[in-house]
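Novice: Take this structure first; my questions come after.
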Amino acid sequence: MRIIRTRNFQENTRISVIVPVYNAEEFLYDSLGNLVNQTFRTLFPHHGMEVICVDDASTDRSLQILHQCQSQFPDIVKVLHQDQNKGPGAARNRGLEMASGQYIGFMDADDLIDVTMYEKLYVAAGWGKINRNIEEMADVADCAIEMQRGDWKGCVLYTSPDYFGMLDDDGRSQLIVTPGSIATRIFKRTLIEEDEVRFRECEMMEDLDFLRLLLAKASSCAGVKEVLYLYLDHKSSVSYRPYDCIFSDYENVIQATYNRLSPLPNYEG
């Protein structure tokens, strides 16, 4: 029996952005500042956007900063707190249970986004129009991401416009293997909820197979070839872990991706 969870749902909420937070006090003022000041809010000032911050048992001032932001922007910011540190997968899953938007976005607490990002993604999802019915809009919309670290600094990743539009099996398969991030995209909430897709918990790189499963289910993709997301790699990130650990993580991701895709039509093992 499928259980339908009750949400504080606003029918006209367009986008929910979920932000897992753990010991990010150094970055929160900048990252949240660009998030709560999105130009998208001027297009839909009433329940157009909600920001769900999930504090994952931080030991610094992160939770205090989140509550300050919530006090300043009570109409859009929700703060959830976990008593135990469970990792970003569990934090994002908690946010998904509370999300009410027609589209879901994800942002890391220590990165930066352009203040126009969600407006441009939403317009792209509407195939250039702002007031389309949700049924007529793309399942996924994407933007470019710029890496800001060492040898990767200045490297830009983006989805080829060749994959913008309705997706056939070949286009969908190519999209799945294209490098990308959940943080540069918005996804229709129905795409996530129809099979109750969730992140793996207590594991590294838990977002990679989540992304590929959603892309495998998508019927259409839109986007903008413009850098709207800055990936600010820090010493605490997975990129600085020992190589043997990283390779082990990738093995787990490959197996998890296979396990999640193989039951789908056209992806049998």
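The values are calculated or read from the model by the stated rules, or taken from the named source; none is laboratory data. It should be emphasised that the depicted structure is a prediction, and the values quoted were computed from it without experimental measurement. Cβ sites come from the backbone with ideal geometry, for glycine too, and all protein chains shown count toward neighbours.
Novice: Does residue 97 qualify as being in contact (Cβ under 8 Å) with a residue 60 or more places away in the chain, surrounded by 19 or more Cβ atoms within 10 Å (Cβ to Cβ) and in a helix (DSSP H, G or I)? Working first, answer last.
Specialist: On the way: in contact (Cβ under 8 Å) with a residue 60 or more places away in the chain: yes; surrounded by 19 or more Cβ atoms within 10 Å (Cβ to Cβ): no; in a helix (DSSP H, G or I): yes.
No: the conditions fail for residue 97.
Novice: Can you tell me how many residues in region 5-26 are modelled with pLDDT of 95 or more and under 18 Å from the mean Cα position of the chain (by Cα)?
Specialist: Qualifying residue count for the region: 10.
Novice: Scanning region 135-149 for residues that are buried (at least 17 other Cβ atoms within 10 Å of the Cβ) and out of contact with any Ser or Thr (no Cβ under 9 Å at 6 or more places or on another chain), which turns out farthest from residue 231 (Cα to Cα)?
Specialist: 141
Novice: Another question about this same structure. List every residue pair whose Cβ atoms sit under 6 Å apart, with the two residues 6 or more apart in sequence or on different chains, where the first one lies in region 35-55 and is surrounded by 17 or more Cβ atoms within 10 Å (Cβ to Cβ) and the second, anywhere, is of a type in the set (Asp, Glu).
Specialist: Short answer, once both residue conditions are applied: 40/119.
Novice: Here's something else I'd like to know. Would you point out the residue of region 116-139, among those that are at pLDDT 90 or above, of a type outside the set (A, V, I, L, M) and assigned to a loop (DSSP other than H, G, I, E, B), that is farthest from residue 45 (Cα to Cα)?
Specialist: 139
Novice: Next question, about the same structure. Quick check on region 114-123. Is at least one of its residues free of Cβ contacts under 8 Å to residues at least 60 places away in the same chain and exposed (fewer than 15 other Cβ atoms within 10 Å of the Cβ)?
Specialist: No; the residues of region 114-123 include none that is free of Cβ contacts under 8 Å to residues at least 60 places away in the same chain and exposed (fewer than 15 other Cβ atoms within 10 Å of the Cβ).
Novice: Could I ask something else about it? Has region 140-163 got any residue that is in a strand (DSSP E or B), more than 27 Å from residue 93 (Cα to Cα) and without any contact (Cβ under 8 Å) to a residue 60 or more places away in the chain?
Specialist: no
Novice: Failed condition for residue 203, given (1) more than 21 Å from residue 18 (Cβ to Cβ); (2) touching a Gly at 6+ places or on another chain (Cβ under 9 Å); (3) modelled with pLDDT under 85; (4) not polar (S, T, N, Q), with all others met?
Specialist: (1)
Novice: Another one. Under 6 Å between Cβ atoms, at least 6 apart or on separate chains: pull out the pairs that start in region 218-247 with a residue that is on the phi < 0 side of the Ramachandran plot and end on any residue that is surrounded by 11 or more Cβ atoms within 10 Å (Cβ to Cβ) and modelled with pLDDT under 50.
Specialist: Close Cβ pairs (under 6 Å, with a partner that is surrounded by 11 or more Cβ atoms within 10 Å (Cβ to Cβ) and modelled with pLDDT under 50) amount to 233/239.
Novice: Suppose we keep only residues that are more than 16 Å from the chain's Cα centre (by Cα) and under 24 Å from residue 109 (Cα atoms) within region 179-203. Which one would you say is surrounded by the fewest Cβ atoms within 10 Å (Cβ to Cβ)? Walk me through how you get there before you give the answer.
Specialist: From region 179-203, those more than 16 Å from the chain's Cα centre (by Cα) are 194-195, 202-203; that's our starting set.
So of that shortlist, the ones also under 24 Å from residue 109 (Cα atoms) come out as 202-203.
Details: 202: 10, 203: 15.
Checking each candidate, the answer is 202.
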